[in-house]
Amino acid sequence: MALIGRIANLFRRSRLDREIAAELQSHIDLRTDDNIARGMSPAEARREAVLLFGNPTSTRERVSAADTHVTLDDFARDLRYAARQLRRSPGFALTAILTLAVGIGANVVVFGVLNALLLRPLPVAGADRLFEVVNRGQGDDNQSYPDYADYRARNAAFADMATYRIGTVGLSTGGSAKKRWIYEVSGSYFDMLGVQPQLGRTFHSSDEHGVNSAPYIVLSDAFWRGNFSADPRVVGMTVDLNRHPYTIIGVAPKAFNGTEIFFWPDFFIPIVNAPQIEGYDFLTKRMNHGLFVLGMLKPGVTVQQGTDNLNAVAHQLAREYPAWDDGLTARLVKPGLMADTLGDPARPFLMAVMGLALLVLLAACTNLAGIFAARSADRTRELAIRLSIGSPRMRIVRQLLTEALLISITGGVLGTALAAGLLGGVSRWQPISDLPIHVTVDADARVFLLALLLSVVAGVLPGILPARQVWRTEAMQAMKSGAATSGKLGRLTLRDVLLGLQIAICAVLVTASLVALRGMQRSLSAPMGFSPQGVTLAAMDMKMAGYSDDSAFPVQRRILEETARIPGVTAVGTVDSTPMSGSGSGGSVYREGTTDLRPSNTAFGARYFTISPGYLEAAGTRLLAGRDFNWQDDSKSPKVALVNQAFAHRLFGDGPAVGRRFLSGGKTLFQIAGVVEDGKYVSLTEDLTPAMFFPLSQGTESNTNLVVRSRLAQADAASVISHVVSGIDSSVPFAIETWSDALGLVLFPARVATAVLGVMGLLAAMLAVTGIFGSLESGRPWARAAWS
């Protein structure tokens with residue numbers, strides 16, 4: 001208790017000074033009273049007492065210095081003794097330190113990721129008031145540009161609003177275009193976020209003067225350094241985007257990479273120029289959703305007030321535009337992970353992983369407790385000798401706790417260092433080479449504070465358990481028998497409980513990892529509605545070479561015909577976006593005869609794809625009824641479509657679907673030419689989803705994925721396909737990969753989850769092995785010698 005009190009004195013010096021002054025004054029008063037009783041006058045008595053005790057300030061300093069010296073001296077002596085004991089038992093020390101490092105390292109890594117993705121605000125001004133506007137339906141986070149414009153103009157709760165979308169563009173500086181990832185943002189984007197450029201300027205709302213009126217680019221810092229060698233003369237340079245000239249006007253600050261945590265764009269362009277870049281004007285189409293909307297709440301306005309205000313605007317829009325805005329709602333969520341499309345699934349997953357990491361730490365603590373208990377039992381005779389020669393029990397306990405503290409700090413430092421290295425590796429990792437996905441998880445003060453707290457708690461708490469051995473040891477009996485008075489049964493009972501608890505925790509973690517691996521295997525083997533094995537994809541966007549949707553069609557057909565002539569190619573086709581690619585579109589489906597096409601009258605929503613003849617065979621998708629498309633399905637023939645089984649069942653029940661019709665895309669009437677098998681279109685875990693396929697020759701689409709099934713090796717297939725595309729038009733940028741590799745984005749979350757749970761299971765198994773060895777084997781004489 002004396003040590004604890006003296007250490008506490010170091011942190012309450014003002015109070016201690018007052019106590020010393022009061023004590024000193026008490027002694028002076030008592031001496032003064034004694035002097036008066038001996039016949040001195042009050043003044044003489046007071047003077048003699050003050051002279052006897054000296055200057056009050058000097059006396060206080062001497063007492064404080066003595067107290068501090070004793071405290072630090074005792075603490076240093078205990079540390080030296082603990083270090084000697086650990087040096088004498090390297091096996092115990094190394095096992096305990098590594099056990100603690102594993103538990104703390106796992107928690108620091110998981111908390112570092114959790115902190116970076118969910119807790120740390122975006123690096124923008126007013127991040128606590130920044131929200132993303134999504135719809136009430138879970139996962140429905142896209143808005144149309146007209147809805148955004150009305151939200152911004154009519155709300156009373158937000159200081160400002162901005163919108164953006166993620167897309168690709170072909171950038172050329174004199175040669176062929178290269179695919180780049182961009183943010184198309186409103187003029188209010190940078191100003192609302194308080195982003196100041198490190199070079200040049202950003203664009204503003206004042207730069208927008210209608211459609212295609214702001215041909216400007218703001219580069220990201222990484223793109224500026226990687227592609228322009230950080231040349232400050234880049235400002236004012238002209239580059240071509242999809243064959244249109246744009247001027248570089250600035251470079252964003254290094255810390256700002258957009259408002260999605262994972263996705264870092266190469267540069268930013270004004271969204272009013274999207275029609276020129278995209279070849280399609282969605283700015284005027286209220287039905288066309290695909291934009292993310294951000295809002296900065298006014299100071300003092302609550303989230304609920306902001307939500308209510310936007311919903312009032314939504315009700316007004318529903319009355320004004322009943323054909324498109326029926327059922328429009330608003331909900332506010334924190335931005336950063338594509339709202340609740342990724343954010344909501346990520347939050348519970350990360351919290352669950354944090355819980356598993358805490359279980360790993362609990363297993364480590366249980367491991368340590370067992371090791372400490374076994375070591376304390378083996379030191380019974382040593383403790384008895386120290387007690388018999390007069391060592392206070394409290395001092396022995398203090399030294400045991402100092403050992404535990406030394407182990408905890410050492411293990412914590414090692415675990416934190418390992419975690420920091422892993423977090424640095426994660427920050428440099430780009431999981432998918434052709435996508436600008438970055439996971440920046442640099443540790444900050446909160447992460448290191450957690451590491452310190454876990455180190456102390458996880459190391460000291462197990463170290464307290466052996467203290468009971470000191471209080472229950474009877475010196476003489478222990479010296480005679482070499483055991484504590486609690487007896488063998490009591491000691492083994494404690495170790496058995498700790499060992500059983502540790503095995504139970506580790507079993508939970510190992511089981512979770514095995515279940516995850518099994519789930520991943522089942523997901524990968526589940527029917528997907530296509531067969532990616534043996535298929536090579538060549539992804540290209542004809543707009544990047546200056547083509548429009550209509551002018552791209554002849555080139556697309558020529559590429560198909562030339563590729564089909566390659567020896568070894570068994571089937572070839574095109575699709576605007578491959579299933580499970582992270583992209584794609586959806587539309588509303590209405591029954592034939594519906595005249596009021598408001599959203600409330602829709603039969604259901606369905607994914608849709610634009611495909612060429614031959615795609616089904618190339619993709620390995622089975623045609624169950626009817627016929628495939630052919631080149632006679634052109635603009636002069638009736639509109640036709642293929643649908644999947646889920647679509648046919650939802651619209652027509654168990655009746656035949658071929659030859660029947662439905663409405664989609666406004667008032668366009670489509671006749672069903674065939675029914676294909678169900679598949680996966682967004683994720684492995686999705687429910688049966690309706691899907692419809694339209695012929696390329698009736699609804700031309702410049703976004704092209706060439707799907708080539710062949711008997712060729714991948715390298716050979718890539719080479720001949722590249723030769724064909726480049727020979728037809730060398731200005732068309734394209735990327736070639738296997739379809740299996742292209743599934744990397746949609747499989748990424750499942751693979752990460754499986755890897756994380758697998759690592760947790762591996763750590764649990766390691767802790768189980770070391771814990772069992774340390775708890776059981778250290779009790780045997782032959783093992784104790786090796787252990788110590």
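The values are calculated or read from the model by the stated rules, or taken from the named source; none is laboratory data. Since the structure is predicted, the reported quantities are computational estimates derived from the model, not experimental observations. Note: ideal-geometry Cβ built from the backbone for every residue, glycine included; neighbour counts use all protein chains shown. Please note that ligands, DNA and RNA were not included when accessible areas were found on the heavy atoms of the full protein model with its side chains. Shrake-Rupley method; radii C 1.70, N 1.55, O 1.52, S 1.80 Å.
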Extension gain, Asp281 back to Leu435 (0.36 nm per residue minus Cα-Cα distance, nm): 52.9 nm
So for the range 103-195, using the alpha carbon gyration tensor with a ≥ b ≥ c as root eigenvalues (a/c under 1.5 gives rounded; past that, a/b versus b/c decides prolate or oblate), I'd call it oblate
If each K or R counts +1 and each D or E counts -1, the residues other than Ala83 whose Cβ falls under 12 Å of its Cβ total +3
In order through the range 646-653: 3J(HN,Hα) via Karplus (6.51 cos²θ - 1.76 cosθ + 1.60), integer Hz, x for Gly, Pro: 4, 4, 4, 5, 5, 8, 10, x
To the nearest 0.05, the calculated FRET efficiency linking Ser637 and Thr595 through their beta-carbon distance, R0 being 25 Å, is 0.50
Below 27 Å, Cα to Cα, which lysines can Lys254 reach? Residues fewer than 8 away in the same chain don't count. Lys178, Lys179, Lys334
Length added when fully stretched, Ser206-Ala37, from 0.36 nm per residue minus Cα-Cα: 51.5 nm
What does the accessible area per residue of the range 535-604 come to in Å², with a 1.4 Å probe and no ligands, DNA or RNA counted? 40
Taking the alpha-carbon distance from Lys667 and a cut-off under 16 Å, which lysines remain once sequence neighbours fewer than 8 residues away in the same chain are dropped? Lys285, Lys639
Using a cut-off of 12 Å between beta-carbons, work out the net charge of the residues near Phe553 (Lys and Arg +1, Asp and Glu -1, Phe553 not included). -2
Listed highest first by mean packing, meaning other Cβ atoms within 10 Å per residue, what order do 670-682, 308-320 come in? 670-682, 308-320
Before anything else, pin down the relative contact order of the range 205-256: Cα pairs under 8 Å, at least 6 apart, normalised by residue count, whole percent. 41
Burial ranking of peptide ranges 89-98, 287-296 (average Cβ count within 10 Å, highest at the top): 287-296, 89-98
Could you tell me what percent of the accessible area of the range 217-303 is made up of carbon and sulfur, with a 1.4 Å probe and every protein chain present? 57
